[in-house]
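The values are calculated or read from the model by the stated rules, or taken from the named source; none is laboratory data. Here the structure is a predicted model, which is why all the values come from computation and not from measurement. Neighbour counts are summed over all protein chains in view; Cβ atoms, including those assigned to glycine, are modelled from backbone coordinates with ideal geometry.
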């Protein structure tokens with residue numbers, strides 16, 4: 001018995017396991033790197049950004065070197081790759097975190113009842129608000145949704161239910177893809193060119209903004225609705241046909257209700273997307289300091305355009321006040337867009353058809 | 001509903017492609033009329049999309065082409081229209097190029113984290129965070145770019161100007177505002193990142209499990225497995241993702257309009273304010289409000305140029321994606 005156990009240890013038989021870093025190796029290296037970074041930056045008197053950069057450099061060099069010594073080259077390369085790939089994620093989070101932090105910290109100061117209840121009419125400097133811009137955004141976006149949702153969903157229904165294998169369907173799919181890529185400012189120019197034909201040059205209308213936004217919104221609605229309609233199992237359709245239900249009723253009463261959660265999610269996301277659009281509205285809806293609730297006459301300010309104008313061309317003396325307005329409006333806009341996004345997810349999660357029992 | 005169901009047994013099944021209506025004696029059958037109306041509606045809205053897109057092209061051509069002869073005052077003081085649009089086009093391409101150089105490796109890394117590195121539960125949350133990045137309006141990016149990012153990048157630019165100044169890209173002088181081509185490119189990179197990530201991560205996740213497991217079973221490390229199975233499988237998809245991100249970066253307006261000072265010139269100097277050429281989209285946004293007469297035509301013409309380029313880039317991207325799907 002003792003013979004058996006002792007013999008392998010004396011001979012130089014191959015080990016069953018390749019040598020590897022201890023389980024806590026990565027964590028130890030991270031702690032070590034942070035310590036070095038903090039120490040160095042304290043010694044040379046640099047800020048926490050420098051400390052982080054140094055810590056990262058130390059980590060990227062030290063862990064692979066350790067690994068190279070213990071585990072060999074291939075494992076070391078793997079560790080470098082893992083580190084770099086996780087670093088890209090960290091790097092990508094920096095803009096998101098800093099953006100949200102900046103918007104909240106700079107924008108929350110100005111929010112008040114006055115800010116939401118005043119327009120910029122007769123305001124120079126303090127006392128202005130975003131009342132007109134909020135209503136502009138609501139009206140323009142609602143009209144855009146009213147135009148694009150029926151067209152988008154009906155097109156998706158055509159693609160899934162009627163157009164299978166037809167040439168027109170292939171053309172439409174392709175064009176919808178192309179439409180997804182239209183730069184928003186080109187959509188604005190299109191709406192402008194269209195309305196110039198009707199109303200003459202220099203036209204600025206809220207409804208024009210809605211038309212421009214629909215050009216951007218329709219492809220998003222078509223895409224998401226199409227995906228959702230495709231997910232409806234054919235058995236449901238066949239069962240309905242077998243009962244003698246006409247095709248259009250099958251679609252309206254069986255197919256669409258089954259997919260409705262996904263469709264509503266897609267529509268909500270599309271609304272969130274276009275609510276933040278600036279460029280087309282700048283061109284066709286224009287800018288005004290007044291509250292205008294009629295989309296069919298005159299200029300109409302929306303929140304994004306309001307932000308842009310407050311920064312791009314503030315009245316010289318009141319630069320600071322207008323920057324504050326811009327941040328307040330940005331916080332409002334981001335909040336609206338985020339709420340719409342959360343709403344979309346909730347709708348998707350709550351109303352999704354239950355998958356089996 | 002109930003009424004029609006009772007009537008409908010007499011009606012033929014309009015279901016499949018060959019299921020055309022043969023006989024329907026009773027005139028009041030809602031099924032047939034309803035079917036026609038509904039099919040008409042859905043075909044109509046599909047055709048409407050064709051019309052709208054044709055309209056975009058036709059109206060832009062109609063309003064923009066007259067500007068081809070513009071010069072002097074109506075071309076914003078340039079000798080001919082191309083002397084005006086050319087530098088803007090250069091600025092557009094340069095900003096988009098910087099954005100792609102920064103965004104592509106980042107996006108691929110982030111996509112790999114979500115598809116292969118992070119545990120499943122966390123990966124979903126990570127994907128959601130990246131989607132948030134896509135949801136933020138572009139004007140807010142511009143606001144952040146000009147008031148936060150640009151200012152914080154000034155020390156970096158100063159360092160670049162001091163140490164890399166011998167490269168023509170980093171000559172300086174660095175403006176205190178930090179509003180440079182580089183800043184514009186970085187903002188665009190942040191905005192294009194979620195698009196590229198979204199497409200890449202979907203394709204990465206589609207890599208056949210068997211290939212991956214085979215590689216791991218042969219003793220490959222995770223990185224070797226990714227290089228040997230995931231990247232070859234996803235190559236065309238990654239390429240088309242980058243092209244679609246490029247399409248976004250080319251057409252992006254507000255961030256650039258806020259971050260870059262409006263000037264029309266050709267310069268490779270990335271970290272100075274004087275040498276920053278504006279982009280087509282930003283230039284339209286900055287000037288459209290004050291433009292009148294033939295200047296409007298000039299701006300619309302530049303928009304037409306932008307439309308053609310983004311169309312080409314997106315077309316290429318979709319074509320490559322489609323080819324990859326057939327092959328895969």
Looking at (1) within 12 Å of chain A (Cβ to nearest Cβ); (2) free of Cβ contacts under 8 Å to residues at least 12 places away in the same chain, which is the one condition that is false for residue B:190?
(2)
Only residues that are more than 19 Å from residue A:170 (Cβ to Cβ) and either part of a helix (DSSP H, G or I) or without any contact (Cβ under 8 Å) to a residue 12 or more places away in the chain (or both): list them for segment A:216-232, please.
A:216, A:217, A:220, A:221, A:224, A:228, A:231
Criterion first (within 12 Å of another protein chain (Cβ to nearest Cβ), under 20 Å from residue B:133 (Cα atoms), outside any loop (DSSP other than H, G, I, E, B) and in contact (Cβ under 8 Å) with a residue 40 or more places away in the chain) does residue B:198 satisfy it?
no
Return yes or no: is residue B:220 part of a loop (DSSP other than H, G, I, E, B), modelled with pLDDT of 85 or more and within 12 Å of chain A (Cβ to nearest Cβ)?
yes
Please enumerate the residues belonging to segment A:50-92 that are surrounded by fewer than 17 Cβ atoms within 10 Å (Cβ to Cβ), more than 23 Å from residue B:111 (Cβ to Cβ) and either within 14 Å of chain B (Cβ to nearest Cβ) or within 30 Å of the chain's Cα centre (by Cα) (or both).
A:50, A:52, A:53, A:68, A:72, A:73, A:74
Yes or no: residue A:304 within 8 Å of another protein chain (Cβ to nearest Cβ), under 27 Å from residue A:222 (Cβ atoms) and in contact (Cβ under 8 Å) with a residue 40 or more places away in the chain?
yes
Run down B:105, B:87, B:119, B:66 and say which single residue is within 25 Å of the chain's Cα centre (by Cα) and surrounded by fewer than 17 Cβ atoms within 10 Å (Cβ to Cβ).
B:105
Give me a count of the residues in segment A:147-168 that are farther than 21 Å from residue A:236 by Cβ, part of a helix (DSSP H, G or I) and without any contact (Cβ under 8 Å) to a residue 60 or more places away in the chain.
3
Just wondering, is there one or more residues in segment A:169-181 that are buried (at least 18 other Cβ atoms within 10 Å of the Cβ), out of contact with any helix residue (DSSP H, G or I) (no Cβ under 7 Å at 6 or more places or on another chain) and either within 28 Å of residue A:221 (Cα to Cα) or more than 10 Å from chain B (Cβ to nearest Cβ) (or both)?
no
Only one residue in B:83, B:67, B:54, B:99 is more than 30 Å from residue A:166 (Cα to Cα), more than 7 Å from chain A (Cβ to nearest Cβ), in a helix (DSSP H, G or I) and at pLDDT 85 or above, so which one is that?
B:99
Which number in (1) touching a residue at least 40 places away in the same chain (Cβ under 8 Å); (2) in a helix (DSSP H, G or I); (3) farther than 17 Å from residue A:189 by Cβ marks the one condition that residue A:319 misses?
(1)
Using the structure shown, decide if residue A:119 is out of contact with any strand residue (DSSP E or B) (no Cβ under 9 Å at 6 or more places or on another chain) and assigned to a loop (DSSP other than H, G, I, E, B).
yes
Regarding residue B:70, is this residue free of Cβ contacts under 8 Å to residues at least 12 places away in the same chain and farther than 14 Å from residue B:303 by Cα?
no
Residue B:239 is checked against (1) within 11 Å of another protein chain (Cβ to nearest Cβ); (2) closer than 22 Å to residue A:182 by Cα and fails just one. What number does that condition carry?
(1)
If I filter segment A:189-209 down to residues being farther than 15 Å from residue A:282 by Cβ and part of a helix (DSSP H, G or I), which single residue comes out as farthest from the other protein chains (Cβ to nearest Cβ)?
A:207
Hey, does segment A:325-337 have a residue that's surrounded by fewer than 17 Cβ atoms within 10 Å (Cβ to Cβ), at pLDDT 90 or above and assigned by TED's automatic domain parsing to the domain that holds residue A:141?
yes
Of the conditions (1) surrounded by 13 or more Cβ atoms within 10 Å (Cβ to Cβ); (2) away from every other protein chain (no Cβ under 14 Å); (3) not in a loop (DSSP other than H, G, I, E, B), residue A:104 fails just one. Which one is it?
(2)
Quick one: which of B:145, B:91, B:178 is farther than 24 Å from residue B:240 by Cβ, touching a helix residue (DSSP H, G or I) at 6+ places or on another chain (Cβ under 7 Å), in contact (Cβ under 8 Å) with a residue 24 or more places away in the chain and assigned to a helix (DSSP H, G or I)?
B:145
Considering segment A:242-301, residues that are surrounded by 24 or more Cβ atoms within 10 Å (Cβ to Cβ) and without any contact (Cβ under 8 Å) to a residue 12 or more places away in the chain, and then whichever is farthest from the other protein chains (Cβ to nearest Cβ), we arrive at A:245
Name the single residue, out of those in segment B:119-136 being in contact with a helix residue (DSSP H, G or I) (Cβ under 6 Å, 6 or more places away or on another chain) and free of Cβ contacts under 8 Å to residues at least 24 places away in the same chain, that is farthest from the other protein chains (Cβ to nearest Cβ).
B:123
Would you confirm whether or not segment B:277-291 contains a residue that is farther than 17 Å from residue B:248 by Cα, within 12 Å of chain A (Cβ to nearest Cβ) and not in a helix (DSSP H, G or I)?
yes
Do we find that residue A:62 is in contact with a helix residue (DSSP H, G or I) (Cβ under 9 Å, 6 or more places away or on another chain) and either closer than 28 Å to residue B:149 by Cα or not in a helix (DSSP H, G or I) (or both) in this structure?
no
Quick check on segment B:203-253: of everything there that is without any contact (Cβ under 8 Å) to a residue 12 or more places away in the chain and crowded, with 17+ Cβ neighbours inside 10 Å, which residue is nearest to residue B:189 (Cα to Cα)?
B:223
